[in-house]
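The values are calculated or read from the model by the stated rules, or taken from the named source; none is laboratory data. None of these values were measured; they are calculated from a predicted model. Methodologically, a virtual Cβ is constructed for each residue, glycine included, from the backbone with ideal geometry; neighbour enumeration extends over all protein chains shown. Surface areas here come from the heavy atoms of the whole protein model, side chains and all, with no ligands, DNA or RNA. Shrake-Rupley method; radii C 1.70, N 1.55, O 1.52, S 1.80 Å.
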Amino acid sequence: MKFLVTATLFVFGVSTMSAQEGLSSKYDEECNCTVIENHNSDGTLSSRHEENAAGQRHGNEVVYFPDGKIQYERNWSHGNLNGIGTHYHPNGQPYMKQHYANGKKKGTWTFYDIDGDVTQEIIYKDGSNDGTYKYYQAGVHYLTQTLVNGVLDSEDILNLEIYNQLKEEAAAALKAGK
């Protein structure tokens, strides 16, 4: 009898202490949706999103780095990205802020370096990759390019010194095989 009680307590203890791994889903009455979660092998949450009754992503989606910090979060509406999303560097600083409208790129997307300084802004036009691309180095806006029908239409170098320096660094990196 003592063995049976010990074995039962051991099995119960292991089952309650074991970490959840892989995908799980559950219906949530509050959002009238199914919540899908994915867990790493150590039980930590790696991602979470919501789906509507049709199985389409609908609502908030969050993906985590292995250490539990948010890697990115964005919103869905009936299977299409919709609204503002943010991607993060591992240190928690924003990497990119994006905007979608019904699955199409819209408005200004902003990219940041690991210290939080803006490195690029893209102002999308008509839901395509067409638009205005602005480049920054150490907070200085040095280049603007415009794409029309996927082709470079215009380029305006605002700071020739930074532009040339970055071109030289890129050429040296290519030559070194990086």
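Points to keep in mind about this one:
- Histogrammed with a bin width of 10 Å, the alpha carbon distances of region 47-145 distribute as 17, 38, 33, 11, 1 percent, first bin at zero.
- Positive-end residue, the chain charge dipole about Cα centroid, Cβ charges, pick of His141, His87, Gln120: His87
- Once the Cα gyration tensor of region 106-176 is diagonalised, semi-axes √(5λ) in Å: 22, 16, 12
- Distance in nm between pseudo-label sites at Glu29 and Glu168 (7 Å out along the Cβ direction from Cα): 6.9 nm
- Applying the Kirkwood pairwise sum to the alpha-carbon positions of region 117-157 produces a hydrodynamic radius of 10.4 angstrom.
- Debye log10 I(q)/I(0) at q = 0.16 Å⁻¹ for the chain, Cα point scatterers: -1.09
- Per residue, the chain exposes 65 Å² of solvent-accessible protein surface, assessed with a 1.4 angstrom probe and all protein chains in place.
- Whichever lysines have a C-alpha closer than 30 Å to that of Lys125, once near sequence neighbours (fewer than 8 apart) are set aside: Lys97, Lys104, Lys105, Lys106, Lys134, Lys167
- Of the residues Val62, Val118, Val148, the one that moves most in a GNM of the chain with alpha-carbon contacts below 10 Å is Val148.
- Calculated diffusion of region 15-86, Stokes-Einstein form, Kirkwood radius summed over Cα pairs, 4 °C and 1.567 mPa s, µm²/s: 101 µm²/s
- In the chain, the longest principal axis of the Cα atoms and the axis of helix 2-17 are about 20 degrees apart.
- Computed E for Ile84/Asp126 - FRET, C-beta separation, R0 25 angstrom, nearest 0.05: 0.85
- Given +1 at the Cβ of Lys and Arg, -1 at the Cβ of Asp and Glu and no other charges, the dipole of the chain around its Cα centre is 340 debye to the nearest 20.
- Helical mean residue ellipticity (222 nm; -39500 (n - 2.57) per DSSP H run of 4+; nearest 500) of the chain: -6000 deg cm²/dmol
- Carbon/sulfur fraction of accessible area - the chain, other protein chains in place, 1.4 Å, %: 52 percent
- Helix 160-175 and the long axis of the chain differ in direction by around 60°, with both axes built from C-alpha atoms.
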